[in-house]
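These notes are about the structure you will find just below.
The values are calculated or read from the model by the stated rules, or taken from the named source; none is laboratory data. Since the model is a prediction, treat every value here as computed from it, not as a measurement. Quick reminder, even Gly has a Cβ in these numbers, built from the backbone with ideal geometry, and neighbours come from all protein chains shown. Note: accessible area is taken over every heavy atom of the protein model, side chains too, but ligands, DNA and RNA are not part of it. Shrake-Rupley method; radii C 1.70, N 1.55, O 1.52, S 1.80 Å.
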Amino acid sequence: MRLAHITDLHFGAEVPAVVAGLLDDVVAQDVDRVLVSGDLTMRARDEQFEAARELLDAIGRPWTSVPGNHDLPLDRLARAYGSLDAYKRIIAPDPEPVVRDGGLLLAGLSSSRPYLWKSGRVDAAQRSFLAAELGKEAELKVLMLHHPLFGATPARGSRAALQVADAAGVDVVLCGHDHISVRQRLGRMIGVISGTACSWRVRGGEPQAWTLLDHEGDRLRITVRHWRDGKFRETDTTEWRRSGDGWHA
Ligand SMILES: [Fe+2]
Ligand SMILES: [Fe+2]
C-alpha cells in the first residue's frame, strides 16, 4: 500500500509551478490514496477551496482530508457560526472521516477551534471517537489531524490523545501545521509531519515537501520528497520495522 501525505497546500498563497510539480509527482508515484492534513487554503475562501479540490481530484486517486486552522474563516461571525461551512461544502462533508480500505484503517480529527487562533485541540469526545474507531483490527492504523501532537508546540490535549492512540494500536500519526518535515518515534507509533506542499510559506530553510509512505506487513518506508531545481525529488528515506514494542527506524 502506497500513501501520499500532503499538507498545508495553502491555496491563496500557492506557487503555481510547485502545484503543477506536485500533481505530476504524486501521479508519477502511483499512490493508492492521498491523505491531506489540513490548511488547504489561506483564507477559507470558496475559490481557494475550489482550487484545492481541483488539484486533489486531478490526481485521480481516492483522497481523504481533514481541515486546518486556515480553513476556518477570519471573520468573527463566520468563524463563530459557520466555521467549517465552506470546507464541508467544497472539500468534504465530514471533517472527521473514517476510512477502511484494504488493510488501511484511518481516522481523521478536526483539531482547529474557532476560539483558538492558530493552535489546536483534541478533546474528550474526540478521544472516545478515536478509541472506538481505531480500536478495530487493521494492518495499518493511521490517525490524521492538522495540529501536531508532538514537537515544539503540541495541540492541547496531545498527551491524552497520544495515550489513546497508542492503546488503540495506532501505527502512524500524520500532522501538518508546522511547515517542516519530521519523522520520529512516538511511543510505539511513528509521528510524521510534512512540510507545506505547494505554498510559498516555507519555514526553516526547507523547501516545499510531501511524504510517501510504503507499507507492507511489518515494514514501512517513509520518503520525503522535496521541491528542488524545478521538480519534487526524493531526499530522505527511513526504513521502519514493527516488532512487539512498536515501530523502530
Ligand atoms: Fe499551514
Ligand atoms: Fe495550520
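Select from segment 23-47 the residues that are open to solvent by less than 20 Å² (accessible area, probe 1.4 Å) and without any contact (Cβ under 8 Å) to a residue 40 or more places away in the chain and write down the one among them that is nearest to residue 101 (Cα to Cα).
The extreme case among them is 34.
Against the definition (within 16 Å of ligand 2 (Cβ to nearest atom) and of a type outside the set (Asp, Glu)), how does residue 149 come out, yes or no?
Criteria met by residue 149.
So, in segment 63-95, of the ones that are hydroxyl-bearing (Ser, Thr, Tyr) and in contact (Cβ under 8 Å) with a residue 12 or more places away in the chain, which residue ends up farthest from residue 106 (Cα to Cα)? Explain how you work it out, then say what you get.
First pass over segment 63-95, keeping only residues hydroxyl-bearing (Ser, Thr, Tyr): 64-65, 81, 83, 87.
Then keep just the ones that are in contact (Cβ under 8 Å) with a residue 12 or more places away in the chain; that gives 64-65, 83, 87.
Values: 64: 9, 65: 11, 83: 24, 87: 20 Å.
So, considering only residues that are hydroxyl-bearing (Ser, Thr, Tyr) and in contact (Cβ under 8 Å) with a residue 12 or more places away in the chain, the one farthest from residue 106 (Cα to Cα) is 83.
Among the residues of segment 11-47, what is the count of those that are within 18 Å of residue 71 (Cα to Cα) and polar (S, T, N, Q)?
Qualifying residue count for the region: 2.
For the subset of segment 115-128 comprising residues that are open to solvent by 50 Å² or more (accessible area, probe 1.4 Å) and away from ligand 2 (no atom under 14 Å from the Cβ), which member is nearest to residue 72 (Cα to Cα)?
Only one residue tops the list, namely 115.
Can you list the strands (runs of 3 or more DSSP E) found entirely within segment 169-249 that contain at least 2 residues being more than 16 Å from ligand 1 (Cβ to nearest atom), more than 29 Å from residue 96 (Cβ to Cβ) and open to solvent by 10 Å² or more (accessible area, probe 1.4 Å)?
In segment 169-249, 219-228, 231-243 are the strands (runs of 3 or more DSSP E) which contain 2 or more residues that are more than 16 Å from ligand 1 (Cβ to nearest atom), more than 29 Å from residue 96 (Cβ to Cβ) and open to solvent by 10 Å² or more (accessible area, probe 1.4 Å).
Residues that are within 16 Å of ligand 2 (Cβ to nearest atom) and under 16 Å from the mean Cα position of the chain (by Cα): does segment 130-142 have at least one?
No, every residue in segment 130-142 fails to be within 16 Å of ligand 2 (Cβ to nearest atom) and under 16 Å from the mean Cα position of the chain (by Cα).
Can you tell me which residue within segment 1-22, out of those that are open to solvent by 30 Å² or more (accessible area, probe 1.4 Å) and within 17 Å of residue 143 (Cα to Cα), is nearest to ligand 1 (Cβ to nearest atom)?
Selected residue: 2.
Every residue in segment 80-101 that is under 21 Å from residue 134 (Cβ atoms), buried (at least 16 other Cβ atoms within 10 Å of the Cβ) and either touching a Lys or Arg at 6+ places or on another chain (Cβ under 6 Å) or among the charged types (D, E, K, R) (or both), please.
96
Provide a single number: the residues in segment 150-168 that are basic (Lys, Arg) and either within 14 Å of the chain's Cα centre (by Cα) or in a helix (DSSP H, G or I) (or both).
Narrowing segment 150-168 to residues basic (Lys, Arg): 156, 159.
Adding the requirement that they be either within 14 Å of the chain's Cα centre (by Cα) or in a helix (DSSP H, G or I) (or both) leaves 159.
Qualifying residue count, segment 150-168: 1.
Residue under question is residue 32, and the condition is that it be under 16 Å from the mean Cα position of the chain (by Cα), more than 16 Å from ligand 1 (Cβ to nearest atom) and of a type in the set (Asp, Glu); does it hold?
yes
Going through segment 215-234 one residue at a time, which ones are among the hydrophobic types (A, V, I, L, M, F, W, C) and touching a residue at least 40 places away in the same chain (Cβ under 8 Å)?
Of everything in segment 215-234, those that are among the hydrophobic types (A, V, I, L, M, F, W, C) and touching a residue at least 40 places away in the same chain (Cβ under 8 Å) turn out to be 220, 224, 227, 232.
Could you say whether any residue in segment 189-208 is without any contact (Cβ under 8 Å) to a residue 40 or more places away in the chain, on the phi > 0 side of the Ramachandran plot and not small (Gly, Ala, Ser)?
Quick first cut of segment 189-208, residues without any contact (Cβ under 8 Å) to a residue 40 or more places away in the chain only: 202-207.
Now drop any that are not on the phi > 0 side of the Ramachandran plot, which leaves 204-205.
Next cut, not small (Gly, Ala, Ser) only: none.
There is no residue in segment 189-208 that is without any contact (Cβ under 8 Å) to a residue 40 or more places away in the chain, on the phi > 0 side of the Ramachandran plot and not small (Gly, Ala, Ser).
It is to be established whether one or more residues within segment 74-81 are under 14 Å from the mean Cα position of the chain (by Cα) and within 16 Å of ligand 1 (Cβ to nearest atom).
So far as segment 74-81 goes, no, none of its residues is under 14 Å from the mean Cα position of the chain (by Cα) and within 16 Å of ligand 1 (Cβ to nearest atom).
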